[in-house]
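Take a look at the structure set out below.
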């Protein structure tokens, strides 16, 4: 996966959002990058001095900087169907683990959102914060050919000019 590492710097932005709500993360706060993809945002938190930043995704898409970094990333314990999109089962951490969980442009790809939100609630510490960022309608179109929403039964891609196809 090729990504522009400078395209989205999340730590300062997310810290500002949290601080506007009276929440301040400590350097040792437990942080989960839900739907971590390549791991770039997890690494951004580590680079910013947050020593307990971790990433979770359905499959391993992570570009490790070093082999020892593997312990920072976990993936769904149930593999997906061969050639199919993986199905989430559970986030592989104990309940009440994280002070802060964020999902950056993830939930538009999640097939079972009820399960995903339940799992986030389970692993979030009481009083913890969850920040879910969706792409805006003004963002350039993201390639989502493998998005479950586009492949779900009874769900079709909108035609140009439809109310949803703008």
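Full extension of the chain between residue 112 and residue 71 gives 12.1 nm of extra length, using 0.36 nm per residue less the Cα-Cα distance. Taken along the Cα-to-beta-carbon direction at a fixed 7 Å, the label points for residue 105 and residue 64 span 2.6 nm.
Remark on the range 28-141: ratio of C-alpha radius of gyration to 2.2 N^0.38 Å is 1.04. Within the range 46-77, what residues put their amide N at less than 19 Å from the label point 7 Å along the Cα-to-Cβ vector of residue 24? So the set is 48-52.
At an R0 of 25 angstrom, the distance between the Cβ atoms of residue 121 and residue 48 translates into a FRET efficiency of 0.45.
Read-outs: derived from the displayed coordinates by stated rules, not from any lab. Note that the structure is predicted; figures quoted are calculated from it, not measured. So basically every Cβ, Gly included, is an ideal-geometry build from the backbone, and we count neighbours across all protein chains shown.
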